[in-house]
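The values are calculated or read from the model by the stated rules, or taken from the named source; none is laboratory data. Everything quoted here is computed from the prediction, not taken from an experiment. Note that we place each Cβ from the backbone using ideal geometry, even for glycine, and neighbour counts take in every protein chain shown.
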């Protein structure tokens, strides 16, 4: 999937082009951080699993109701200090917002993404690559004119998956409508530039 660096570059150039046409454009900087630690204990063994992720995103408002952006996410899990999962995600998104009163915006976000996951075992390394198209409705809550809290629900999803491992190779395609609460995400966004 070497096409993704090209798509990232093309989207960045489009964003810069729109900014040059409209000096009132606002830029978005945001994302999320997470860290968790779990302890699994039995009569014979005790395992400590630590997970951490960082997910920055950047965008530019094309209009007051429309934004184009880029997103990157890095997630990894270690058990007893040994790396056993690494996940990297690259995405391009378009976000439409509709104001609801003075403090809330309803949003709809759509875009493609590429995901690369590696699982490290004692004797092997599995790799899963997937291409996704996702539609996520959600809300923005305005803390101020510049700061917003955003929540989204990854609801509709098309996924093309390619798995390669020493034991098996498989390709799969799925189209889904998912109500799982684990698809709910929260983040913090900051807008700068343009008029207040």
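Would you confirm, using the coordinates I've provided, whether residue 1 is over 18 Å from the mean Cα position of the chain (by Cα) and modelled with pLDDT under 60?
It is false that residue 1 is over 18 Å from the mean Cα position of the chain (by Cα) and modelled with pLDDT under 60.
Identify all residues within region 163-195 that are modelled with pLDDT of 75 or more, surrounded by 14 or more Cβ atoms within 10 Å (Cβ to Cβ) and under 25 Å from residue 120 (Cα atoms); write none if there are none.
Within region 163-195, no residue meets the criteria.
Restricted to region 43-69, and to residues that are in contact (Cβ under 8 Å) with a residue 60 or more places away in the chain and under 16 Å from residue 192 (Cβ atoms), which residue is surrounded by the fewest Cβ atoms within 10 Å (Cβ to Cβ)?
57
Checking residue 154 against (1) within 19 Å of the chain's Cα centre (by Cα); (2) surrounded by 15 or more Cβ atoms within 10 Å (Cβ to Cβ); (3) modelled with pLDDT of 80 or more, only one condition comes out false. Which one?
Answer for residue 154: the failing condition is (3).
Would a scan of region 66-78 turn up a residue that is within 22 Å of residue 190 (Cβ to Cβ), part of a strand (DSSP E or B) and modelled with pLDDT under 85?
No, the conditions are met nowhere in region 66-78.
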